[in-house]
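One structure below.
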Amino acid sequence: DDDVTGILGHLDPVTNLLDSAVARVCTKADSGKRIFFSNAAAVLVTLPTIGAGMVFEFVRAADEELVVASAAGDDMIVGNDLSADSVTFTTAGQQIGAVVRVEGVYFGTTLKWFVTLPPMPFGTGTATLAYAIAS
């Protein structure tokens, strides 16, 4: 089921927007979507089984924690960690506009979730985005 065409690795910012007010267990069908979380409570997003070319983007639209976690665990590549379980935006006042992009990518022959932080919207208090990584 690998994406040999590269189609899955792209977001369509116009037609693939979702607004979610609760924790979410993502599915393969959610791949390619930008998902906004606007509720007033911490949110846990659980990724599906990795597929090459799958891509998700999560945006926090409230000053509450956002946790992005792998269902399998030990398969997320984040800052200085090749086998993380999750990443959490932790600092109040720095969560609105937080963006996390997650892609299913082969590193050699191993499929991993590659986690990046696209630039957040500009503003005050966003110079040092704080997050925690769980391994």
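Side notes on the structure shown:
- When ALA29, ALA21, ALA41 are checked against the criterion of being open to solvent by 20 Å² or more (accessible area, probe 1.4 Å) and at pLDDT below 80, a single residue qualifies: ALA21.
- The residue that is farthest from GLU57 (Cα to Cα), among those in the stretch 71-84 that are surrounded by 15 or more Cβ atoms within 10 Å (Cβ to Cβ) and either under 12 Å from the mean Cα position of the chain (by Cα) or not acidic (Asp, Glu) (or both), is ALA84.
- Scan of the stretch 51-70 for residues that are assigned to a strand (DSSP E or B) and either polar (S, T, N, Q) or open to solvent by 10 Å² or more (accessible area, probe 1.4 Å) (or both), ordered by number: GLU57, VAL59, VAL67, ALA69, SER70
- Members of the stretch 96-120 that are among the β-branched types (Val, Ile, Thr), under 20 Å from GLU64 (Cα atoms) and surrounded by fewer than 16 Cβ atoms within 10 Å (Cβ to Cβ): THR116
- Single residue of the stretch 121-135 satisfying the filter (outside any strand (DSSP E or B) and surrounded by 15 or more Cβ atoms within 10 Å (Cβ to Cβ)) that is modelled with the lowest pLDDT: THR126
The values are calculated or read from the model by the stated rules, or taken from the named source; none is laboratory data. If you're wondering where the values come from, they're calculated on a predicted model, not measured in any experiment. All Cβ positions, glycine included, derive from the backbone under ideal geometry; neighbour counts span all protein chains shown. For the accessible areas, the whole protein counts, side chains as well, though only heavy atoms, and no ligand, DNA or RNA atoms are used. Shrake-Rupley method; radii C 1.70, N 1.55, O 1.52, S 1.80 Å.
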